[in-house]
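Structure first, then comments.
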Amino acid sequence: MLNMIIFGAPGCGKGTQSKLIVDKYKLTHLSTGDLLRSEISSNTELGVIAEKYITKGNLVPDEMIIEILKKAIDNRPDKSNGIILDGFPRTVAQAVALEEMLKNRDMSTVVLIDLHVDNHELISRLLYRGETSGRCDDNLETIKNRLEVYISNTVPVCNFYQNLNKYKAIDGMGTIEEIFNRITLVLARCT
Ligand code: AMP
């Protein structure tokens, strides 16, 4: 079972690469950003709370997102193949909770793939996406905060997975196809 994490700064291509990985490896895609946006569009209590954080580019509280992810893992329709986590974990506390929740389900992560993209490129990709995404957080002010939050809260997750020997960094610059090829080479070595 291939359970993996696609990781990197906002705009690094996690969502785009996830689609290609899902097609090739038949994994269940779990994007915490998508799960939160669906709570917001259904106007649930969780969605109303989450929107306040997302609009500012801040992280929603760990306990809240951990519970949402746990439910999504347990309710995934296809339990035969693995999962690809996109946007989770974003803090070391979430990483600890993830490893624990997978262990309790006789699952474990195989690898975290970190897509490296330079800051200038990230900002231009997010601004370009903002022209059509309709996302409340794809504007310059929020993007800047998301990148700062990424560095202060999320980058330490790399070290956590390095210590578990499950960390692989990949050059996330280039065409979608080039980056996907780099990912498949890494996955070939860990599956
Ligand atoms: P994304 O679609 O992954 O860029 O996520 C959009 C926003 O949702 C983030 O900027 C956060 O506000 C929130 N979010 C998504 N995943 C998480 C997470 N694992 N922990 C905390 N907040 C999250």
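The values are calculated or read from the model by the stated rules, or taken from the named source; none is laboratory data. Source: prediction; values computed, not measured. Backbone-built Cβ (ideal geometry, glycine too); neighbour counts: all protein chains shown.
With respect to the conditions (1) at pLDDT below 95; (2) touching a strand residue (DSSP E or B) at 6+ places or on another chain (Cβ under 8 Å), GLY134 falls short on a single one, namely (2).
Being under 14 Å from the mean Cα position of the chain (by Cα) and away from the ligand (no atom under 12 Å from the Cβ) is the filter; apply it to segment 93-133 and report the residue that is surrounded by the fewest Cβ atoms within 10 Å (Cβ to Cβ).
Quick first cut of segment 93-133, residues under 14 Å from the mean Cα position of the chain (by Cα) only: 94-95, 98, 109, 111-116.
Adding the requirement that they be away from the ligand (no atom under 12 Å from the Cβ) leaves 109, 111-116.
Working: THR109: 20, VAL111: 23, LEU112: 23, ILE113: 25, ASP114: 21, LEU115: 22, HIS116: 12.
Only one residue fits best here, namely HIS116.
Against the numbered list (1) over 12 Å from the mean Cα position of the chain (by Cα); (2) free of Cβ contacts under 8 Å to residues at least 60 places away in the same chain, LEU35 comes up short only at (1). The numbered conditions (1) more than 8 Å from the ligand (Cβ to nearest atom); (2) under 24 Å from ALA169 (Cβ atoms); (3) in contact with a helix residue (DSSP H, G or I) (Cβ under 8 Å, 6 or more places away or on another chain) are all true for PRO89 except (1).
Taken together, the residues in segment 1-47 that are among the small types (Gly, Ala, Ser) and either surrounded by fewer than 15 Cβ atoms within 10 Å (Cβ to Cβ) or at pLDDT below 95 (or both) amount to 3.
Restricting to segment 117-135, and then to whatever is part of a loop (DSSP other than H, G, I, E, B) and in contact with a helix residue (DSSP H, G or I) (Cβ under 8 Å, 6 or more places away or on another chain), can you tell me which residue is nearest to ILE40 (Cα to Cα)?
Let us first name the residues in segment 117-135 that are part of a loop (DSSP other than H, G, I, E, B), namely 117-118, 134-135.
Adding the requirement that they be in contact with a helix residue (DSSP H, G or I) (Cβ under 8 Å, 6 or more places away or on another chain) leaves 117, 135.
On the way: VAL117: 29, ARG135: 12 Å.
Filtering segment 117-135 for residues that are part of a loop (DSSP other than H, G, I, E, B) and in contact with a helix residue (DSSP H, G or I) (Cβ under 8 Å, 6 or more places away or on another chain), the one nearest to ILE40 (Cα to Cα) comes out as ARG135.
Which of the residues spanning segment 50-83 are more than 11 Å from the ligand (Cβ to nearest atom) and hydrophobic (A, V, I, L, M, F, W, C)? Full working, then the answer.
Within segment 50-83, the first condition is being more than 11 Å from the ligand (Cβ to nearest atom), and the residues that meet it are 67, 70-83.
Passing the criteria: ALA72, ILE73, ILE83.
Scanning for something more than 16 Å from LYS14 (Cα to Cα) and surrounded by 12 or more Cβ atoms within 10 Å (Cβ to Cβ), does segment 166-178 turn up at least one residue? Yes: one or more hits.
Against the list (1) more than 10 Å from the ligand (Cβ to nearest atom); (2) under 29 Å from LEU140 (Cβ atoms); (3) in contact (Cβ under 8 Å) with a residue 24 or more places away in the chain; (4) not charged (D, E, K, R), the condition TYR25 fails is (2).
Taking first residues from segment 165-191 that are polar (S, T, N, Q) and partners that are outside any helix (DSSP H, G or I), the Cβ contacts under 8 Å between residues at least 6 apart in sequence or on separate chains come to THR191/LEU2; THR191/VAL110.
Among the residues of segment 134-143, write down those that are surrounded by 14 or more Cβ atoms within 10 Å (Cβ to Cβ) and away from the ligand (no atom under 12 Å from the Cβ).
Of all residues in segment 134-143, those surrounded by 14 or more Cβ atoms within 10 Å (Cβ to Cβ) come to 135-139, 142-143.
Scanning segment 134-143 gives a single hit, ASN139.
Take the residues in segment 146-165 that are among the polar types (S, T, N, Q) and surrounded by 14 or more Cβ atoms within 10 Å (Cβ to Cβ), then tell me which one is nearest to the chain's Cα centre (by Cα).
The initial filter retains those residues of segment 146-165 that are among the polar types (S, T, N, Q), namely 152-154, 159, 162-163, 165.
With surrounded by 14 or more Cβ atoms within 10 Å (Cβ to Cβ) added as a condition, the list becomes 153-154, 162.
Numbers: ASN153: 14, THR154: 11, GLN162: 17 Å.
Going through the qualifying residues, I end up with THR154.
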